[in-house]
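Visitor: First the structure, which I've put down as structure tokens, then a few questions once you've had a look.
Laboratory data are not the source of any read-out in this text; all were calculated from the coordinates shown. Every value quoted in this text rests on a predicted model; they were computed, and no experiment measured them. Positions of Cβ are generated from backbone atoms using ideal geometry, with glycine treated the same way; all protein chains shown enter the neighbour counts.
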Amino acid sequence: MRVTVVTLFPELVAAVGDSGIPRVAMESGALQVDTISPRDFAVNRHRTVDDRPFGGGPGMLMIPETLAAAISAAKKRTIGARVLLMSPQGRRLDRAAVHALADEAALILVCGRYEGIDHRVIDTLVDEQVSIGDYVLSGGELGAMVVIDAIARRLPGVLGDAESVVQDSFEAQLLDHPHYTRPDVWQGMAVPDVLRSGDHRAIEAWRELQRLCVTATARPDLFYQRGLDERARALLTAEWLHSAATNV
Ligand code: 4GX
């Protein structure tokens, strides 16, 4: 996957490759991240990239000439790449959107600063607007880095087999179960017995039940959207019968 980020802050975006899964993905060659700055296409001696909005109002806008030149250069570098603009007006990023983006061969992520960009650039050069959430960032860079981080772990060969299997299982629509490591008692709190039992079927059942309960509690919307399959029904029924029989 080739990602070209159009940004006035290339060093900020490059930092996404300094650590974690994106770094692994870049070192393995599964991910390539380049940056292009509109500043490099500025013509006057101030290297101007922004100007005041027609109609007045606070803040500045990125001017079309330098931004369009940078996007066009990015398109030349990666022919056929989809051009995404990071923006609060965009479609909200979710798991399905990340999967779809990870299946692309190349992406161009455009990061706006200031109050935004001249709308004619959106009309002519942007394929789709993407938002990482309903809040306002100071620029699209952190959004682009979120997109890059989330797709890096979906690229083939980046995660180990075990992790990819977990990620792709039907249970991917559930939140994670709690995790514990040593010591087995910490500040008077013990690790659940089942996790130290060595009974792998029992451990798996406990984890699945925890995931159902965590999801139902923290994200009822996800829980109801997913519905209950045969397995979940059986686990919840067993738990319900068990607690009905033990809690007098
Ligand atoms: N998810 N922002 C972009 C400037 C801007 C505004 C309009 C283009 C069009 C954001 C988000 C986000 C703040 C990035 C405004 N650029 N980006 N910036 N939420 O809030 O992605």
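Visitor: What fraction, in whole percent, of alpha-carbon pairs in the stretch 184-248 exceed 17 Å separation? Don't skip to the end; give the middle numbers.
Guide: Working: 1133 of 2080 pairs.
Tail of the P(r) past 17 Å holds 54 percent of the pairs.
Visitor: Separate question: Go ahead and estimate [θ] at 222 nm for the chain from helices alone: -39,500 (n - 2.57) per DSSP H run with n ≥ 4, summed, over the residue count, rounded to 500. Can you show the working numbers first?
Guide: Working: 10 runs with 105 residues, N = 248.
One gets -12500 deg cm²/dmol as the mean residue ellipticity at 222 nm.
Visitor: Scan around residue 87 for amide H atoms under 5 Å from its own, H built in the peptide plane at 1.01 Å from N, and keep only partners 5 or more places away or cross-chain.
Guide: 130, 131, 132
Visitor: Which of the listed residues, 117, 156, 12, is farthest toward the dipole's positive end in the chain, when Lys, Arg count +1 and Asp, Glu count -1 at the beta-carbon?
Guide: 117
Visitor: Could you tell me the extents of the stretch 27-172's C-alpha atoms along the three principal axes, largest first, rounded to whole Å?
Guide: So the extents along the principal axes, rounded to whole Å, are 54, 31, 22.
Visitor: Mean-square fluctuation check for the chain, GNM, Cα pairs under 10 Å: which of 181, 78, 35 is largest?
Guide: 181
Visitor: Find the Cα radius of gyration of the stretch 116-248, compare it with 2.2 N^0.38 Å by division, and give the number to two decimals. Can you show the working numbers first?
Guide: On the way: Rg = 21.1 Å, N = 133, 2.2 N^0.38 = 14.1 Å.
The value comes to 1.50.
Visitor: Taking square-rooted eigenvalues a ≥ b ≥ c of the alpha carbon gyration tensor, is the stretch 85-146 rounded, prolate or oblate, where a/c under 1.5 means rounded and, failing that, a/b exceeding b/c means prolate? Provide the component values of the computation, followed by the final result.
Guide: Values: a/c = 1.87, a/b = 1.27, b/c = 1.47.
Cα axes put the stretch 85-146 in the oblate bin.
Visitor: Could you check what % of the DSSP bridge pairs in the stretch 83-195 are antiparallel, to the nearest 5? The partial results should precede the final answer.
Guide: On the way: 2 of 11 bridges.
Counting DSSP beta bridges with both partners in the stretch 83-195, the antiparallel share is about 20 percent.
Visitor: Over the Cα atoms of the stretch 1-108, what Rg and Dmax result, in angstrom?
Guide: Rg, Dmax (Cα atoms, Å): 15.7, 49.
Visitor: Using Cα centres only, tell me the gap between the stretch 1-63 and the stretch 188-236 in whole Å.
Guide: Cα centroid to Cα centroid, the span is 42 Å.
Visitor: Out of the DSSP beta bridges found with both residues in the chain, what percent are antiparallel (nearest 5)?
Guide: Details: 4 of 25 bridges.
The answer is about 15 percent antiparallel.
Visitor: Then there is this: Count the DSSP beta bridges whose two residues both fall in the stretch 1-139, then state the antiparallel fraction as a percent rounded to the nearest 5.
Guide: If we restrict to bridges inside the stretch 1-139, about 10 percent are antiparallel.
Visitor: Let me ask you something else. Given 10 Å bins starting at zero, what is the percent of C-alpha pairs of the chain in each, up to the one with the largest pair distance?
Guide: In whole percents, the pair-distance histogram is 6, 24, 26, 19, 14, 8, 3, 0, 0.
Visitor: Give, in nm to one decimal, the length gained when the segment between residue 186 and residue 241 is fully stretched (0.36 nm per residue of separation minus the Cα-Cα distance). Each step should come with its number before you reach the end.
Guide: Details: separation 55, 0.36 × 55 = 19.80 nm, distance 3.09 nm.
Length gained, residue 186 through residue 241: 16.7 nm.
Visitor: Using unit Cβ charges (K, R positive; D, E negative) and no other charged atoms, how large, in debye to the nearest 20, is the dipole of the chain about its Cα centre? Before the final figure, lay out the partial values.
Guide: Values: 26 positive and 33 negative charges, 83 e Å.
Here the size comes out at about 400 debye.
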